[in-house]
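Below you'll find the structure, written out as structure tokens, and then a few comments.
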Amino acid sequence: MGLLSKKDANLILDPLADNNPITIQVLGICSALAITAELKASVVMSLSVLFVLGVGNVVISLLRNIIPSKIRIIVQLIVVATLVIVVDQVLKAFAYELSKTLAVFVGLIITNCIIMGRFEAFALGNGPWKSFLDGIGNALGYGVILVIVGFFRELLGSGTLFGIPVLGDPIAKTGLYSTGYENNGFMIIPPAALIVVGIIIWAQRSRNKALIEEA
Amino acid sequence: MGLKEKLHQTKLKYQGKKMAPAFNAIHTFLYAPNETTHNGSHVRGADDLKRTMNTVIMALVPCLLFGMFNTGYQHSAAIDGFPENFSLFEHFLTWDNFWLGLITILPLVIVSYGVGLAVEFVFAVIKGHEVEEGYLVTGMLVPLIVPVDIPLWMLAVAVVFGVVIGKEVFGGTGMNILNPALTIRAFLFFAYPTWMSGDKVWVHGAVDGVTKAGSTDAISGETVLGYLAQGNTADISYSLSDMFYGFIPGSVGETSTLLILLGGLFLIFSKIASWRIMVSAVIGALAMGLIFNGVVAAEWIPEYSKFYGLMNFEFWQHLLVGGLAFGIVYMATDPVTGSQTNRGKWIYGFLIGFLSVMIRVFNPGYPEGVFLAILLMNVFAPTIDHYVVRGNIKRRMKRLKNATIYPKTSGEVEALTTETV
């Protein structure tokens, strides 16, 4: 990262692993459970959050000195709502099928704790460039988990990736299915996402013991 | 020098070596350890975890053997039709039946134990403790609560899931919230529903398309509950004695209510399982069954309703079919996941029976609910215990407050009353 100083780089890299919004801060779990049955939806959701959080953080950071602290939550909500509506309309215009899959969860980005959390914790106290990096970093950290969960859930649950069959045809029994393999229906339902996220958290904390909270 | 002595010598020889846990495991599996405590005196019972587990396994063996005979019996009955004049020794307890059952069910047992113990072993090595014997019962329960023709790899995946997610993540044997055997079954049910329900999986060979004698129709066999859930109100083709003795299709070990009853009595008299849970679960199931019968009798639900068939089913017959009896005797009584307090056990058991029959009737996909009811109550068991204990404390506090305290000298009265408040 020649472009960024070490401190700036950490703003992006930290949320990817050791300060991940989902696995460490345990924020934004709801959407992570709801839409990760397909990889495509996970990716689009991640991109939407990336856009909203990146732009939102910059806007809040620019306004940070003129927002009266008493009404800052309302201002933050207006900013995030505006951005979410843009995302929602774009999805409806260019990816209608997908926006139906994501359904209400795009709208619910407004209430995603990660976004309000970053506005409050970072953008209100830092400059636009740093806030931008922080927003991108956190959104990527969120996206990484979504994509990992989506990958396993779609692969094991439907035998496809991005809707493309990769394990063969389950009805014609080709590929892996000819050996008697079957899709795992459990991975389609939301509780499976909770368990996959749990396993990621488990693996991450076993690797880095410093992350384990004291009981 | 007897075997016991030899094992003890071997143990001493390998003490502190890497293989020590393996020898210790075999030694204590066969005999009570001859170690003595060094500090103070302790009373030690011989009924340690291994003894408890082995007793439950002994109670399960009749069900396993019956399941083997029944597999063969159901298979041949599906091909040739049920025998006109059923004779126990001519049609059921035959070598052919047993052999067919043996070669279908033994792989299930081997996979269940092999995979489960492998997982236990891996965790024991990682966490650095001796291999725990908690899987012994689970490993025997699992083959008994799945359909005969479940593919072995599915069973293996489910066992890994059940042991890791159901038990090891909580800290291993004795720390689990959910019964691992039921976690395995629930996983199979949600992951591979086509292999856990319908009319093809309960009879050996039906999935592979074995045909009936003298026709091209593939064999099939529904469970009694499946038949009722289809909305069939006609008489069930199995007699009550068939249901009681267990000559009906179903999961491997769950069919014979008689043997389960005997196993249950054995567990009660050996004081391994709680009779309170068993009795209250039976009461709960009967209560729910009576309510449903009452709804039908009051004509609150029309005959074309899809619940009519199961609601109309005689309330006490719910205990004879499906996995209800098996679940109540062997799974609900799991000392780790069940309630610990005596009053809690009554509540816990009652709700298991009550919910089992309720889920059984209202479950649209699959007319069975015992495993779901027990898992649900497993989650609630600590809450039940908490309130039972709190209630106890409250009652005793009240008793203490109202108690009159007679001091030896009159001057102590006030000091004592202030202390107790």
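Tabulated values for the structure
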| quantity | calculated |
| --- | --- |
| Mean Cβ count within 10 Å, highest first, over the residues of peptides B:388-401, B:73-86 | B:73-86, B:388-401 |
| Selected from B:Leu265, A:Gly180, B:Leu310, residue furthest toward positive end of dipole (the protein assembly as shown; charges at beta carbon) | B:Leu265 |
| The protein assembly as shown: calculated mean residue ellipticity at 222 nm from DSSP helix runs of at least 4, using -39500 (n - 2.57) | -19000 deg cm²/dmol |
| Stretch gain in nm, segment A:Ala93-A:Glu120, where the contour uses 0.36 nm per residue and the Cα spacing is subtracted | 6.5 nm |
| Residue-count net charge about B:Asn176 - beta-carbon cut-off 12 Å; Lys, Arg +1, Asp, Glu -1 | -2 |
| Debye, to nearest 20: dipole size of chain B, +1 on Lys, Arg Cβ, -1 on Asp, Glu Cβ | 2120 debye |
| Ranked list, fewest to most other Cβ atoms within 10 Å of each Cβ, for A:Phe152, A:Phe132, B:Phe170 | B:Phe170, A:Phe152, A:Phe132 |
| Nearest 10 degrees, 0 to 90: helix B:49-80 Cα axis against chain B principal axis | 10 degrees |
| q = 0.14, 0.15, 0.17 Å⁻¹: log10 I(q)/I(0) that the Debye formula gives for chain A, counting C-alpha atoms only | -0.89, -0.99, -1.17 |
| C-alpha long axis of helix B:180-191 to longest principal axis of chain B, angle in ° | 40 degrees |
| At R0 = 56 Å, FRET efficiency that the Cβ-Cβ distance of B:Phe89 and A:Arg207 yields, to 0.05 | 0.35 |
| Sequence of B:Ile384, A:Ile110, B:Ile248 once ranked by neighbouring C-beta atoms within 10 Å, starting from the fewest | A:Ile110, B:Ile384, B:Ile248 |
| Nearest-ten-degree value, helix B:257-269 long axis tilted from longest Cα axis of chain B | 10 degrees |
| Cβ-based charge dipole, chain A, positive-most Cα from A:Ile85, A:Leu124, A:Ser31 | A:Leu124 |
| Rh (Kirkwood; distinct C-alpha pairs) - the protein assembly as shown, Å | 28.8 Å |
| FRET efficiency, 1/(1 + (r/R0)^6) with R0 30 Å, evaluated for A:Ala103 and B:Tyr304 via beta carbons | 0.30 |
| Calculated diffusion of chain B, Stokes-Einstein form, Kirkwood radius summed over Cα pairs, 20 °C and 1.002 mPa s, µm²/s | 90 µm²/s |
| Cβ-Cβ FRET estimate between B:Asp199 and B:Asn402, R0 fixed at 60 Å, reported to 0.05 | 0.40 |
| Partner chain coverage, peptide B:178-191 - average Cβ within 10 angstrom | 2 |
| Range in chain A, longest, excluding exposed GluC sites (Glu not before Pro) [loop by DSSP; at most 10 other beta-carbon atoms within 10 Å] | A:1-212 |
| Approximate spin-label separation A:Ala9-B:Tyr387, in nm, with each point projected 7 Å along Cα-to-Cβ | 5.7 nm |
| Charged-residue dipole, Cβ positions (Lys, Arg, Asp, Glu), the protein assembly as shown about Cα centre, Debye nearest 20 | 2580 debye |
| Options B:Ile105, B:Leu49, B:Trp202, ranked by Cα towards positive dipole end of chain B, top entry (Cβ charges) | B:Leu49 |
| Student exercise, chain A dipole from Lys, Arg, Asp, Glu Cβ charges, in Debye to nearest 20 | 420 debye |
| Prolate/oblate/rounded call for segment A:137-215, Cα gyration tensor, a/c under 1.5 rounded | prolate |
| Residue order, fewest to most surrounding Cβ atoms within 10 angstrom, among B:Leu93, A:Leu102 | B:Leu93, A:Leu102 |
| Distance (nanometres) between label positions extended 7 Å along Cα→Cβ at A:Ala81 and A:Leu194 | 3.1 nm |
| Virtual spin-label span in nm between B:Asn39 and B:Leu106, 7 Å along Cα→Cβ | 5.0 nm |
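None of the figures in this text is laboratory data; all of them are computed from the coordinates on show. Please read these numbers as outputs of a predicted model, since none were measured by experiment. Positions of Cβ are generated from backbone atoms using ideal geometry, with glycine treated the same way; all protein chains shown enter the neighbour counts.
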